[in-house]
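Taking it in order: structure first as structure tokens, then the write-up.
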Amino acid sequence: MPILDTDLIIGYLRKNPKAVAVMEDLIAREVSNLKTTLFNVGELYVGIYYSKNVAKSERAMNDLINQFEILDFSYEDARTYGQIASELQKRGEIIGDLDELIASIAINHKETLITRNVDHYKRINRLTFANWEEMAA
């Protein structure tokens, strides 16, 4: 099962038609586990604490996220993160720690990252990703 990036999860929670279509397609294919990373959950909490109704936003997120397998960050992920970050720094293409951390987990789990954030992730050579906006077309 691919790893779902924060932007897809937020899109689904906000009822973005393309995000809803992609999520429904993943569920319809009887995929056993939806996956995301611990860092994506952290990004979701940032949005929750920015919202006007924190309790309502947290309930909605928890109702959805409880269906996910949350991938932790391992020692090997830390090593891969270091490689990604240093390669990007050498090329002057820094994308931000969280995206690099998420990518390291996806690479080590040999999973496709489903995201709309193509501009950042296309800079990471070993990462397989798909643009969920194109998947919904």
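The values are calculated or read from the model by the stated rules, or taken from the named source; none is laboratory data. What you are looking at is a predicted structure, and each value in this text was computed from that prediction instead of being measured. Note: ideal-geometry Cβ built from the backbone for every residue, glycine included; neighbour counts use all protein chains shown.
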Filter segment 22-46 down to the residues that are modelled with pLDDT under 95 and of a type in the set (Gly, Ala, Ser), then identify the one that is surrounded by the fewest Cβ atoms within 10 Å (Cβ to Cβ). Ser32
Would you point out the residue of segment 63-81, among those that are modelled with pLDDT of 95 or more and polar (S, T, N, Q), that is surrounded by the most Cβ atoms within 10 Å (Cβ to Cβ)? Thr80
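State which residue is surrounded by the fewest Cβ atoms within 10 Å (Cβ to Cβ) when the search covers only segment 83-134 and only residues that are over 16 Å from Phe73 (Cα atoms) and of a type in the set (S, T, N, Q).
Among those that are over 16 Å from Phe73 (Cα atoms) and of a type in the set (S, T, N, Q), it is Asn125.
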Strands (runs of 3 or more DSSP E) within segment 1-120 that include 2 or more residues aliphatic (A, V, I, L, M) and closer than 16 Å to Met135 by Cα: 113-115
How about segment 83-137: which of its residues are closer than 24 Å to Ala21 by Cα, among the polar types (S, T, N, Q) and without any contact (Cβ under 8 Å) to a residue 60 or more places away in the chain? Thr128, Asn131
Total residues in segment 84-112, condition β-branched (Val, Ile, Thr) and either under 14 Å from the mean Cα position of the chain (by Cα) or within 14 Å of Leu4 (Cβ to Cβ) (or both): 4
